[in-house]
Amino acid sequence: MANSKDREKLVRFAKELYSELEPMTEHESLQVFLDDCADYNLTVFLGSFVCHDLFGHSQPDTLTGKDVELFMKHADFFLQTAMLQQSMKP
């Protein structure tokens, strides 16, 4: 079991590591999300269902600004469900 000294070292290491990282742009964040969706064959479904329902088109990769956040918020349920189903397969 880790003691408080080990925990302090780990916290210090994590702070140093994350302080050097640059935050992702909206476009990068969306691309990572869409890549994750592609891993579960959800890209076409999310484009034609979620994106079309919210924005009237089926091209989530063209979204910008608050639309990226809104799309990801609505589409995340489907991605999480697909990930859960995959993890339950023997």
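Before moving on, here are some points about what is shown:
- Scanning segment 65-83 for residues that are open to solvent by 100 Å² or more (accessible area, probe 1.4 Å) and not aromatic (Phe, Trp, Tyr) gives 66, 69, 73.
- Residue in segment 37-56 that is aliphatic (A, V, I, L, M) and either at pLDDT below 90 or open to solvent by 80 Å² or more (accessible area, probe 1.4 Å) (or both) present: yes
- Checked against (1) touching a Pro at 6+ places or on another chain (Cβ under 6 Å); (2) farther than 14 Å from residue 68 by Cα, residue 13 meets all criteria but (1).
- Failed condition for residue 26, given (1) out of contact with any helix residue (DSSP H, G or I) (no Cβ under 6 Å at 6 or more places or on another chain); (2) of a type outside the set (S, T, N, Q); (3) open to solvent by 80 Å² or more (accessible area, probe 1.4 Å): (1)
The values are calculated or read from the model by the stated rules, or taken from the named source; none is laboratory data. Model, not experiment: these values are computed from the prediction. Cβ atoms come from the backbone with ideal geometry, glycine included; neighbour counts cover every protein chain shown. Keep in mind that these areas ignore ligands, DNA and RNA; they rest on the heavy atoms of the full protein, side chains included. Shrake-Rupley method; radii C 1.70, N 1.55, O 1.52, S 1.80 Å.
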